[in-house]
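These notes are about the structure you will find just below.
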Amino acid sequence: MSETATTNGFPCRQCGANLEFVPGTTSIKCPFCTTENQIDAAGTVSEQDFGAVLAGLEQAAPHAEHRSIRCQACAAEVEVPANVTSMACCFCGTNIVSQVVCTSRVLPHGVLPFGVTREQAVTAFRRWVSSLWFAPSRLKRESLIEANLHGVYLPTWTYDCRTDTRYMGERGDAYYVTVGSGNNRRRERRIRWRPAAGHVRTFFDDVLVLASDTLPRAMAQNLEPWDLKAALPYKDEYLAGFRAETYQIDLKGGWGLAQNIMAPRIDDAIRADIGGDEQRIHQRHVTYSDVTFKHLLVPVWVSAYRFRGKAYRFLVNARTGEVQGERPWSVWKISLAIAAGVIVVGFFILLVARS
């Protein structure tokens, strides 16, 4: 990122305050005097040659010095402005007092700008809390989401590729036989197996890998899908007023995770090619070609709230409004529900016994 974006921000020409990106628009705006600047959003996000980068050209890719600070509680690593050495972690709420580290990072190629406003994210949180079964009543009364809600860009890699897979397996065709006699006479399903072999070709577009281990991967994946086709070429202005986490999983590590994501779809293609009623896959050899990638930032609203001494995280997909979160449970509400269930079951058993 440019020195202007990370240290001085984008000063308002009227009052000197830092301009901030306005979710759902292509402009940055002064929060005090409402002066507004438009962002040039023209262009598309181009694919990068994966093989060339891994062959040793990474240092030739666009880089920038990043000032980041790491949370010792959850391992989040976020960018910080100049002269900042302490802050509250937006992922777990822990106060961080740590040495800022400067590292060289590959610049993002594109960004999905915030589309959901802070007010909309707060509404989504309130709605989500209200829908929770067996949540403590105090949680619904005392959730201070407004004070702890932060807009954060998460780092991702996306991969495109073609696969050519040679396989060996078996095709199973069902048939039925009559067994038993008298009252035990019945038809049973059997499978006739025969060898199968061949190859399948599959194209993958924008296989998304979260390049961070800060959030539980399952929680982050449940925020999908992302409208990746709407990604815009990266500009510092989109980050004005928000935080950005730096990637912890490098390009090569992300490619390994992408292969795991692609594997079930390749198996589906193999099973479809084998045909029959059932399939067995014994061996597969996958060749990857035309591999390209992009480094994209995706937006989330994050809240780390503490309830009775324990931290809980809450996320909103800042493009679609999808909500994912961790929640506490009310032990006494669960106990009352179990007791009520036991009473109801006992009442019905008593009625049956008397009838």
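Observations, loosely collected:
- Here His282 does not qualify as under 28 Å from the mean Cα position of the chain (by Cα) and over 17 Å from Asp164 (Cβ atoms).
- Among (1) surrounded by fewer than 14 Cβ atoms within 10 Å (Cβ to Cβ); (2) outside any helix (DSSP H, G or I), the one test that His150 misses: (1)
- Reported count of residues in the stretch 153-189, each being part of a strand (DSSP E or B), without any contact (Cβ under 8 Å) to a residue 40 or more places away in the chain and out of contact with any Gly (no Cβ under 8 Å at 6 or more places or on another chain), is 8.
- Residue in the stretch 241-264 that is under 30 Å from Arg194 (Cβ atoms) and small (Gly, Ala, Ser) present: yes
Here is a yes/no grid of residues against (1) surrounded by fewer than 20 Cβ atoms within 10 Å (Cβ to Cβ); (2) within 30 Å of Gly276 (Cβ to Cβ):
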| site | (1), (2) |
| --- | --- |
| Thr158 | no, no |
| Cys161 | no, yes |
| Asp164 | yes, yes |
| Gly180 | yes, yes |
| Lys235 | no, no |
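- Neighbours by Cβ (under 7 Å, 6+ apart or cross-chain): first from the stretch 285-298, assigned to a strand (DSSP E or B); second loosely packed, with under 13 Cβ neighbours inside 10 Å and modelled with pLDDT of 95 or more: none
- Boolean, Ala269 is more than 22 Å from the chain's Cα centre (by Cα), assigned to a helix (DSSP H, G or I) and modelled with pLDDT under 95: no
The values are calculated or read from the model by the stated rules, or taken from the named source; none is laboratory data. It should be emphasised that the depicted structure is a prediction, and the values quoted were computed from it without experimental measurement. For neighbour counting, all protein chains shown are included, and Cβ atoms are generated from backbone atoms with ideal geometry for every residue, glycine included.
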